[in-house]
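Take a look at the structure below.
Derivation of every value follows stated rules applied to the coordinates shown; laboratory data play no part. Just so it is clear, the structure is predicted and the values come from calculations on it, not from any experiment. Quick reminder, even Gly has a Cβ in these numbers, built from the backbone with ideal geometry, and neighbours come from all protein chains shown.
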Amino acid sequence: MKSHVTFRNIVVAALLVMLALVPLYSAWIGNNFALILFTRIVILAIAAVSLNLIMGYGGMVSFGHAAYLGIGAYVVGILAYEGVPSGFLQWPLALVVSGLFALLIGALSLRTRGVYFIMITLAFAQMIYYVAVSLSRYGADDGLTIYRRSQFGGLDLSNKVVFYYVCLALLLLVILIVWRIVNSRFGMVIRGAKSNERRMRAIGFPTFRYRLTCFVISGVICGLSGALLANHTEFVSPADMHWTRSGDLIIMVVLGGMGSLFGPVIGAVAFLLLEEGLARLTEYWQIIFGPLLLAVVLYARGGIDGLLAGGKRG
Amino acid sequence: MGLRGDARSMVLFIEQCLNGLQFGLLLFLLAAGLTLVFGIMDLVNLAHGSLYMLGAYFAATFAALTGSFVLGAVLALAATLVVGMAVEVIAMRRLYGRDHLDHVLGTFGLILFFNELVRLVWGPAGRTLPLPDWLSTSVQIFPGVYYPTYRFTIIFVALAVALALYFVVMRTRIGMLVRAGASNREMIGALGINIKLLYTFVFGAGAALAGLAGLMQTPILTASIGMGENILIVAFVVIIIGGIGSIRGAFIASIFVGLVDTVGRAFLPTLLKLFLTPAAASAAGPALSSMLIYLLMAIILVVRPEGLFPAANR
């Protein structure tokens, strides 16, 4: 029998309770700063969880994941601009379009391995970035302001607290989905293909199809995150899919702990709080953050989650 | 009248080809270091662009201090070499043998560090590097057609460096070690070669080449923070197309990518007008020409997942 009351699980539980209490804290101190910051954290945590699904469990290092974030955001932004404010249309369409792009990009990229895969996913993200830059009808380089958040009948997303809880609920739902996927037969094949793809093929699994499906699921989830991000900032711009944003997502996953269910959430919280905290400390915060990142890579394999688990995880 | 129009577009075409060649050769200076470091140390170095940037800033400062363009350039090269070797000893050395994801993250941290360092030392405004009088002239290439002397100088310097590099790699003892390192790292270590020193040397040389590319670009584009990042991605496209670890592949791919990018940007919008309405063409033109090299890379990777000239035994 393995006890579930470990130090790490207590920390994760505490983190979740803390996330649930953020609006109360915000109301208590009487300003929205923490609420807005944590809405952003929760939204990017969804994107990090989606990246972790393919990177941590499937060994597919996508250096272009911000593309789906941008696609999801742009679908919402463009529909809002064209006079389709209904969230019942905007959100499903954001998911479908991100999924279609992931299908196309994955089908081509998954033929390559290792560093070639990293670079080809980056190349596709760059292409989509330049498409966004050229959308002159939708603001091109300057981006597009969204004047109305997605309309969901009785659910008022312009209420910051409601919106925060919608995001948090979706984060938990996404974690649940990833948990179900990873522990299913499908997830076994994905994880098996990460450690030894040739063997998985030899036993008779068409690994390409499995990996592609996983890649598409990840793209869809990241698209959801993009749709939320567009509603949060009420603005979309090509900067949402700049390659450094893809880098940020990778940082969140690795900082928190790759291949761990809650790792990306921890990573997103840590990354964005660090960014906020260091930026307050000095204008030149990246001069501290950069070497810190290098130190995490060098000395804290398994990320924060690995440290919490006492280095027992692989 | 029609003939004069043809002649003018022919001249424009030749000019753009020369610009493409010049850009391609600059790319080669960056890509050579990148592909050597990758081929020999198996290290993905995103921070290579930072050395390009440092070369540019050093040159601007030293040229202003000494009052001589050439002296400034030489000092800048030496300084970039030293910084490169220091970076290798302090940080990169610890990353060898880690997986590529760790490299991407660690060197991403270095990019943040160097960008912020430059902002701290040189300030947020860019630096210019004025050309001396003897370089700011034009050369007549055809009767009535002039091309800037400085761009010719870039072409000649880069070609000379490419030749020298070829000679060093193919005809000297160090080059032999470099080639041996690229094909079997463990073996040359086992044969008693001081592999640490070799690595530091290769990294420093790659840094100096990147610095050279950066400082030669500065009189045209001025030195600015983050200048290394966009060109770095293009340099990665080059080494992926050329086949990682292959200098010959990098050379051919550099010139190919340089020509396609430059000539594409100049003529694609006009070309599209033959097939599309003017409005559609002017909207799609810039996007498509920015995407062209990524499209090229994606197609090449789909057809040949290891690039055009995969280095042997890897």
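Modelling each spin label as a point 7 Å along the Cα-to-Cβ direction, I'd like the A:Arg113/A:Val5 distance in nm, to one decimal.
My value for the distance between the label points is 4.7 nm.
Peptide A:280-289: average number of partner chain Cβ atoms within 10 Å per residue?
4
Given the options A:Leu103, A:Leu172, A:Leu24, state which has the largest fluctuation in a GNM of chain A using a 10 Å cut-off (strictly under) for Cα springs.
Its mean-square fluctuation being the largest, the pick is A:Leu24.
Summarise the partner chain shielding of A:108-120 as one whole number: the mean count of Cβ atoms from other chains within 10 Å of each residue's Cβ.
The mean count of partner-chain Cβ atoms within 10 Å per residue comes to 6.
Enumerate the calculated ³J(HN,Hα) couplings along the stretch B:190-206 in order (Karplus 6.51 cos²θ - 1.76 cosθ + 1.60, θ = phi - 60°), each rounded to whole Hz, writing x wherever the residue is Gly or Pro.
5, 7, x, 7, 6, 6, 4, 5, 4, 4, 4, 5, 5, 5, x, 5, x
Rounded if a/c is under 1.5, else prolate if a/b beats b/c, else oblate: with a ≥ b ≥ c from the C-alpha gyration tensor eigenvalues square-rooted, which is the stretch B:99-147?
Judged from the Cα gyration tensor, the stretch B:99-147 comes out oblate (a/c at least 1.5, b/c at or above a/b).
Treating the beta-carbon of each Lys and Arg as +1 and of each Asp and Glu as -1, no other charges, what is the dipole magnitude of the stretch A:45-242 about its Cα centre, to the nearest 20 debye?
Charge dipole of the stretch A:45-242: 1080 debye, to the nearest 20.
Net charge near B:Pro305: determine it from the other residues with C-beta under 9 Å of the C-beta of B:Pro305, scoring Lys and Arg +1 and Asp and Glu -1.
That works out to +2.
Can you tell me which of B:197-204, B:270-277 comes out highest on packing, and rank the rest after it, using the mean Cβ neighbours within 10 Å?
Output ranking for B:197-204, B:270-277: B:197-204, B:270-277.
Kindly state, to the nearest 0.05, the FRET efficiency for A:Leu273 paired with A:Ala13, given R0 = 25 Å and r defined as their beta-carbon distance.
With a Förster radius of 25 Å, E is 0.85.
For peptide A:296-304, compute the average count of partner chain beta-carbon atoms within 10 Å of each residue's beta-carbon.
Per residue, the average neighbour count from other chains is 3.
What ³J(HN,Hα) values, in whole Hz, does the Karplus curve 6.51 cos²θ - 1.76 cosθ + 1.60 give for the stretch A:240-251 when θ = phi - 60°, with x put for Gly and Pro?
With coefficients 6.51, -1.76 and 1.60, one gets 4, 10, 5, 5, 5, 5, 4, x, 4, 4, 4, 4 Hz.
With +1 on each Lys and Arg Cβ and -1 on each Asp and Glu Cβ, and nothing else charged, work out how big the dipole of the protein assembly as shown is about its Cα centre, in Debye to the nearest 20.
1780 debye
Show me, for the stretch A:40-55, the HN-Hα J-couplings you get by feeding each phi into the Karplus relation (A = 6.51, B = -1.76, C = 1.60, θ = phi - 60°), rounded to Hz, glycine and proline as x.
Per-residue couplings from phi come out as 4, 4, 4, 5, 6, 5, 4, 4, 5, 4, 5, 5, 4, 4, 8, 7 Hz.
Mind checking the log10 I(q)/I(0) for chain A at q = 0.06, 0.07, 0.14 Å⁻¹? Debye, one equal scatterer per Cα, no solvent, two decimals.
Normalising to I(0) and taking log10 leaves -0.20, -0.27, -1.12.
Given springs between every Cα pair under 10 Å in a Gaussian network model of chain B, which of B:Ile293, B:Ile195, B:Ile141 has the largest fluctuation?
It is B:Ile141.
Looking at the calculated P(r) for the stretch A:176-314, what percent of the C-alpha pair distances fall above 27 Å?
The proportion of pairs with Cα distances above 27 Å equals 34 percent.
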